[in-house]
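K.L.:
First, the structure itself, so that you have it in front of you.
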Ligand SMILES: [Zn+2]
Ligand SMILES: [Zn+2]
Ligand SMILES: [Zn+2]
């Protein structure tokens, strides 16, 4: 009779290869997609896209958003504040984008 020695085979449980790891410090990689940034705050804000979390909430209505500057722009709708003024006419706007859209009218030759 031949005795077969017991071979202890260590089980490989959940050994995952994470592929090539970028050894760049200060690069914050999103765990959901390929987004990466050097700014930790930017990644945190980016993650809200995946989690659906909207931490900035309007105190006047149920509006909520992922960015504090978006909320500030939104709150002007309630306060009526129009900080963006046209330098060529009395036009005022609550949002920068609105003013920029207005300024294009001035740039176009009116003939
Ligand atoms: Zn992402
Ligand atoms: Zn609101
Ligand atoms: Zn104007």
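Derivation of every value follows stated rules applied to the coordinates shown; laboratory data play no part. Note that the structure is a prediction, hence the values are computed from the model and not measured. Heads up, the Cβs are rebuilt from the backbone with ideal geometry, glycines too, and the neighbour counts pull from every protein chain shown.
K.L.:
How far apart, in nm, are two points set 7 Å out from the Cα along the Cα-to-Cβ line at residue 101 and at residue 64?
P.N.:
Between residue 101 and residue 64, the label points sit 2.7 nm apart.
K.L.:
Pull out the extension gain between residue 108 and residue 39, defined as 0.36 nm times the separation in residues minus the alpha carbon to alpha carbon distance; nm, one decimal.
P.N.:
Using 0.36 nm per residue and subtracting the Cα-Cα distance, I get 20.9 nm.
K.L.:
Please report, to one decimal in angstroms, the Kirkwood hydrodynamic radius of region 56-107 built from all distinct Cα-Cα pairs.
P.N.:
Answer for region 56-107: a Kirkwood hydrodynamic radius of 11.9 Å.
K.L.:
Averaged over all directions, how much area does the convex hull of the C-alpha atoms of region 28-74 cover when projected, in nm²?
P.N.:
3.4
K.L.:
When 26, 76, 57 are ordered from fewest to most other Cβ atoms inside 10 Å of their Cβ, what list results?
P.N.:
Ordered by Cβ neighbours within 10 Å, fewest first: 26, 57, 76.
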